[in-house]
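Visitor: Sharing a structure, written as structure tokens. Questions coming.
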């Protein structure tokens with residue numbers, strides 16, 4: 001993939017148009033994008049705007065411009081800067097929903113397996129694997145310095161000697177580190193059905209094919225039990 | 001025999017209508033719910049009226065004097081219309097006041113029940129009533145009318161003041177989609193007054209659009225050119241408490257500086273105008289229509305703006321939508337003409 005001077009991937013104009021049309025076809029789009037007079041109240045209240053070059057006002061304006069290139073410009077990095085807190089939607093006097101537009105664009109990015117989506121979702125593959133294998137989102141053995149930089153300088157200590165620390169917790173912990181709680185196979189099978197119906201497996205196949213293969217093996221195993 | 005006309009509401013529109021009709025020899029019954037005439041300008045002690053900054057007291061005082069000194073006007077204070085019904089082409093109304101109930105027959109009726117100021121506490125992002133130094137347009141007008149320009153929290157002169165436009169107007173969240181028309185002009189006027197009183201005070205106006213329509217355009221030029229008022233494009237998203245007894249306005253300067261969080265000594269919310277509870281009450285009592293914004297509905301907004309949808313009942317002033325005092329007075333006269341013609345034809 002090649003990128004222009006703004007870090008936006010270079011694609012044909014027809015492709016940009018196709019993506020914009022896909023967004024506009026979403027049943028929520030009309031509800032989310034209304035009038036906008038650049039009052040800036042959305043961006044004024046936007047938490048990520050304090051830290052990043054991200055502005056819900058620009059999201060709305062780019063959509064209102066009807067220029068597929070401007071919308072495409074948000075597809076790589078921009079859409080992933082939003083916190084999805086929907087403060088913008090709560091205060092916009094026109095009842096626009098820039099956060100909702102971001103959700104639509106992110107879903108397109110994931111459905112189509114864009115590089116940026118793959119990059120952003122990579123850390124979550126551990127969670128997905130744990131979820132499909134054990135029905136748990138998070139277990140003690142997932143606490144590793146590489147994955148929890150936001151835990152600060154104590155993450156090193158927190159990730160050592162897990163079995164011993166686990167034993168010290170004065171409540172039932174299964175005495176294992178790969179599970180937080182036990183999930184019945186029936187519940188797991190129901191979860192797979194939901195994933196299938198909701199298209200989650202399909203999304204995983206697009207975003208991370210090798211993860212998909214591993215997950216399918218686990219699903220087959222549990223289902224044949 | 002002289003015509004009998006009922007005027008409901010003793011604000012600028014109702015007073016002017018009553019005086020004009022009385023001058024024509026009509027027997028006017030002027031019904032006012034408050035204990036005084038003069039409407040909101042009197043109630044909230046407006047100080048100066050735009051655009052020429054003449055004292056509100058002179059204008060309203062003149063109208064009150066005109067009504068009080070005219071013997072053709074029967075004045076009812078602390079009064080309301082207890083019941084109302086049509087009687088052929090005429091109307092029969094029971095007026096209840098402190099002196100008791102009175103049943104009268106009228107040839108026509110003028111409704112001039114005015115507006116209510118939007119209560120900014122209804123929009124929580126502005127923290128009105130949470131911080132002493134967050135006040136609104138009518139609070140400041142009253143304060144200035146009393147000669148008080150200082151901070152409510154400590155009585156000291158403010159180092160800087162933020163004026164926020166479009167509070168309770170043009171906002172689907174609060175349910176008022178319309179522009180209240182006068183707040184821009186009043187706010188710019190207040191900014192100039194503040195600067196004249198405290199030249200050292202920094203005054204900011206945060207706007208979505210400045211709508212000082214027509215000749216009032218001069219006013220914000222004056223504010224910028226003569227008083228260095230900072231006019232910033234961006235609606236404020238949140239007001240929180242700040243250090244040293246300040247309130248912080250958080251928003252986006254959409255044209256120049258991007259995100260801002262500025263501590264202010266005082267914030268003035270330019271709250272808009274609403275039809276108030278009296279509009280549906282009148283609609284219900286008189287059997288006339290309400291529009292989708294909560295004001296009384298004009299029969300035809302261009303052709304017959306002073307007629308209601310019911311023959312013989314006419315409308316004047318801010319009860320049909322936000323407007324300036326000059327416009328309300330003008331409408332009082334126009335509705336008086338319509339009501340007089342109707343009465344003349346049918347009496």
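The values are calculated or read from the model by the stated rules, or taken from the named source; none is laboratory data. The structure displayed is predicted, hence computed values, not measured ones. Methodologically, a virtual Cβ is constructed for each residue, glycine included, from the backbone with ideal geometry; neighbour enumeration extends over all protein chains shown.
Rundown of residues vs (1) facing chain A (nearest Cβ under 9 Å); (2) over 15 Å from residue B:128 (Cα atoms), yes/no style:
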{"site": "B:224", "(1), (2)": "no, yes"}
{"site": "B:229", "(1), (2)": "no, yes"}
{"site": "B:232", "(1), (2)": "no, yes"}
{"site": "B:239", "(1), (2)": "no, no"}
{"site": "B:248", "(1), (2)": "no, no"}
{"site": "B:256", "(1), (2)": "no, yes"}
{"site": "B:259", "(1), (2)": "yes, yes"}
{"site": "B:272", "(1), (2)": "no, no"}
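Visitor: Provide a single number: the residues in segment B:247-274 that are buried (at least 18 other Cβ atoms within 10 Å of the Cβ) and part of a loop (DSSP other than H, G, I, E, B).
Guide: 3
Visitor: How many residues does segment A:28-76 hold that are away from every other protein chain (no Cβ under 14 Å), farther than 16 Å from residue A:102 by Cβ and in a loop (DSSP other than H, G, I, E, B)?
Guide: Total satisfying the criteria: 3.
Visitor: Let me ask something additional. Tell me which residues, restricted to segment B:155-194, are within 14 Å of chain A (Cβ to nearest Cβ), assigned to a loop (DSSP other than H, G, I, E, B) and surrounded by 23 or more Cβ atoms within 10 Å (Cβ to Cβ).
Guide: Residues satisfying the conditions are B:168, B:169, B:180.
Visitor: Moving to a separate point now. Would you say residue B:25 is part of a helix (DSSP H, G or I) and either at positive phi or modelled with pLDDT of 95 or more (or both)?
Guide: no
Visitor: Consider residue B:244 carefully, then state whether it is outside any helix (DSSP H, G or I) and without any contact (Cβ under 8 Å) to a residue 24 or more places away in the chain.
Guide: yes
Visitor: Quick one: is residue A:5 modelled with pLDDT under 95 and either surrounded by fewer than 15 Cβ atoms within 10 Å (Cβ to Cβ) or more than 23 Å from residue B:255 (Cβ to Cβ) (or both)?
Guide: yes
Visitor: Could you tell me which residue of segment A:89-106 is surrounded by the fewest Cβ atoms within 10 Å (Cβ to Cβ), considering only residues that are facing chain B (nearest Cβ under 9 Å) and in a helix (DSSP H, G or I)?
Guide: A:90
Visitor: Return the residue satisfying two criteria in turn: it lies in segment B:72-98 and is assigned to a loop (DSSP other than H, G, I, E, B) and touching a residue at least 12 places away in the same chain (Cβ under 8 Å), and of such residues it is farthest from the chain's Cα centre (by Cα).
Guide: B:89
Visitor: Residue under question is residue B:142, and the condition is that it be away from chain A (no Cβ under 14 Å), touching a strand residue (DSSP E or B) at 6+ places or on another chain (Cβ under 6 Å) and either touching a residue at least 40 places away in the same chain (Cβ under 8 Å) or assigned to a strand (DSSP E or B) (or both); does it hold?
Guide: The answer is no for residue B:142.
Visitor: Another question, if that's okay. Assess whether residue B:219 counts as being in contact with a strand residue (DSSP E or B) (Cβ under 7 Å, 6 or more places away or on another chain), part of a helix (DSSP H, G or I), farther than 30 Å from residue A:47 by Cβ and away from every other protein chain (no Cβ under 14 Å).
Guide: no
Visitor: For segment A:135-156, enumerate the residues that are in a loop (DSSP other than H, G, I, E, B) and at pLDDT below 85.
Guide: Result: A:143, A:144, A:145, A:146, A:147, A:148.
Visitor: Are any of the residues in segment A:157-167 exposed (fewer than 14 other Cβ atoms within 10 Å of the Cβ) and outside any helix (DSSP H, G or I)?
Guide: Yes, segment A:157-167 contains at least one residue that is exposed (fewer than 14 other Cβ atoms within 10 Å of the Cβ) and outside any helix (DSSP H, G or I).
Visitor: The conditions are (1) under 21 Å from residue B:227 (Cα atoms); (2) in contact with a strand residue (DSSP E or B) (Cβ under 8 Å, 6 or more places away or on another chain); (3) assigned to a loop (DSSP other than H, G, I, E, B), and residue B:148 fails exactly one of them. Which is it?
Guide: Condition not satisfied by residue B:148: (2).
Visitor: Which one of these does residue A:85 not meet: (1) part of a helix (DSSP H, G or I); (2) closer than 29 Å to residue A:192 by Cα; (3) within 14 Å of another protein chain (Cβ to nearest Cβ)?
Guide: Going through the list (1) part of a helix (DSSP H, G or I); (2) closer than 29 Å to residue A:192 by Cα; (3) within 14 Å of another protein chain (Cβ to nearest Cβ), residue A:85 breaks only (1).
Visitor: While we're on this one: Select from segment B:195-213 the residues that are part of a loop (DSSP other than H, G, I, E, B) and either more than 14 Å from chain A (Cβ to nearest Cβ) or buried (at least 24 other Cβ atoms within 10 Å of the Cβ) (or both) and list them in ascending order.
Guide: B:198, B:199, B:200, B:201, B:212, B:213, listed by residue number.
Visitor: Scanning for something in a loop (DSSP other than H, G, I, E, B) and either within 13 Å of another protein chain (Cβ to nearest Cβ) or over 13 Å from the mean Cα position of the chain (by Cα) (or both), does segment A:107-115 turn up at least one residue?
Guide: Yes, some residue in segment A:107-115 is in a loop (DSSP other than H, G, I, E, B) and either within 13 Å of another protein chain (Cβ to nearest Cβ) or over 13 Å from the mean Cα position of the chain (by Cα) (or both).
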